[in-house]
């Protein structure tokens, strides 16, 4: 495992031929009567930011489709010999002309489609993404995340690389505008310092997105909240927060943020506290008991903790063995609970744990 | 007048012969440059884990004229988002004319493009190594062949010119 602080110059994104040459515009819109969705500029931008990473075949299908609004799509799934699937709150199988069809009539993804997509995503250098692929996903500039499965090559019980990649899951990154500020107001003390905060949600509930947003806001400060920017140290064990790819962060985490990329939290937290003197330490997915120990260690130096964990309710989180010690010590002061009730990133409640412990109720704001 | 014409014929035929000879001598040189470039590419991929566009950029700086243009073109194409295999083949088709290599040399060089950038480092290394071995064999043959051929052409030009003069007179 390599430990490195990564700040490097930004790459240029490859622009696919059709966009570069302007032939995209020349394509005749395939009108389908009242079902046609007029695309706003924002949608177009989102569409282009995704399509540039796909091979001609799949990109052509997605471009031709008029019935699916990209704003509603959360995932694009490519599986060899299985129909092309767009998933969000609803699922759409597409055929080769981009029409929504039942699964058995959908366009069957070919091996070549997956290769072409991988080629675009890695600048034709799959071998250079080995380190990232070991984690099972790569992050594209712009923050879209591509999960992949294939044949795992093992060495001494650890995954060395993935071979014969058979499925891609492109998870589209979408900002949830504005929620960070509203929440942050409930997470800071009068003196501007942060409460030790835990964000919990079920999978795909928007934990990481919210954490990222909070990191950026804390790091840059906020005029509305009269909050000064604070130094934030991020231990990005799963390479999700900064989305580092070849040393280039895909997300903006603010101007006072230091990212320790790909480092286990247990070592990383201690190392960051010692080396970069952060005021806030942010980590994703507290799961192991040893992560908890590292957090407790770090607390002694006076840093504030901002973290996330998998759990649907506060009770479930309180029952987690890995979090038990942290709760028992009274580490966390605020818990933000997210759900997918109204799409990812729905804020259920923000709980003041001190009040909660005294009275069983502790809802703050929102 | 006749003598002037005869002289001109001999000179032009001789010049043509010398030009052919120099082209033939260039082939082993270009093959050698290609081998060096492939070794460099292999190092960049296996040890440097450099992405291809960057790797081709390095090759462009480190190689001489026809190859520098070749790798420059590749770098540009990959940065535009083209696939490595297509880019490799298209660049060969486009730039073949500015090289002195034979079609059978290109056949081997084309193999580099197969699977380029589509697998892990070991696979890439194996593929490049294979091409390098084949090129080495070709180059050995080529330098022997080029020595003889070049000599032949440089004589043939002048002798052909003289023969033409004798025939015409």
Practice item. Of all alpha-carbon pairs in segment B:14-169, indicate the percentage at a distance above 18 angstrom. Key: 62 percent
Point to revise | chain B: angle of helix B:84-95 to the longest principal axis, Cα-based, in degrees nearest 10 | key: 10 degrees
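Mind checking the mean number of beta-carbon atoms from other chains within 10 Å of the Cβ atoms in B:71-80?
If you average over the peptide's residues, the count of other-chain Cβ atoms is 2.
When you look at the Cβ of every residue in B:115-123, what mean number of other chain Cβ atoms sits within 10 Å?
Working: counts 2, 5, 10, 10, 5, 10, 5, 4, 4.
For this peptide, the per-residue mean of nearby foreign Cβ atoms is 6.
Sort the following peptides by mean Cβ neighbour count (other Cβ atoms within 10 Å, averaged over residues), highest first: A:278-285, A:261-268. Spell out each step's value before the answer.
Working: A:278-285: 23.4, A:261-268: 20.6.
Ranked by mean Cβ neighbours within 10 Å, highest first: A:278-285, A:261-268.
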Check your understanding: Per residue of A:126-138, how many C-beta atoms from partner chains lie within 10 Å of its own C-beta, taken as a mean?
Key -> 4
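Quick check on segment A:179-359: take the gyration tensor over C-alpha atoms, sort the square-rooted eigenvalues as a ≥ b ≥ c, and tell me if it's rounded (a/c under 1.5), prolate or oblate.
Numbers: a/c = 1.24, a/b = 1.15, b/c = 1.08.
Rounded shape, in that the Cα axes give a/c under 1.5.
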Review point. What per residue convex hull volume, in Å³, do the alpha-carbon atoms of the protein assembly as shown yield?
Key: 214 Å³
Review point. So how do A:196, A:164 line up by other beta-carbon neighbours within 10 Å, fewest first?
Key: A:164, A:196
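Restricting to Cα pairs below 8 Å that are 6+ residues apart, what does the relative contact order work out to for chain B? Please round to a whole percent. Before the final figure, lay out each step's value.
Details: 175 pairs, mean separation 73.9, N = 169.
The normalised contact order for chain B reaches 44 percent.
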Practice item. Would you mind calculating the relative contact order of segment A:249-366 from Cα pairs under 8 angstrom and at least 6 residues apart, reporting the percent as a whole number? Key: 16 percent
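Here, each number is a calculation from the coordinates, and none is a lab measurement. Nothing here was measured: the structure is a model prediction, and the numbers come from that model. All Cβ positions, even for glycine, are placed from backbone atoms using ideal geometry, and neighbour counts span all protein chains on display.
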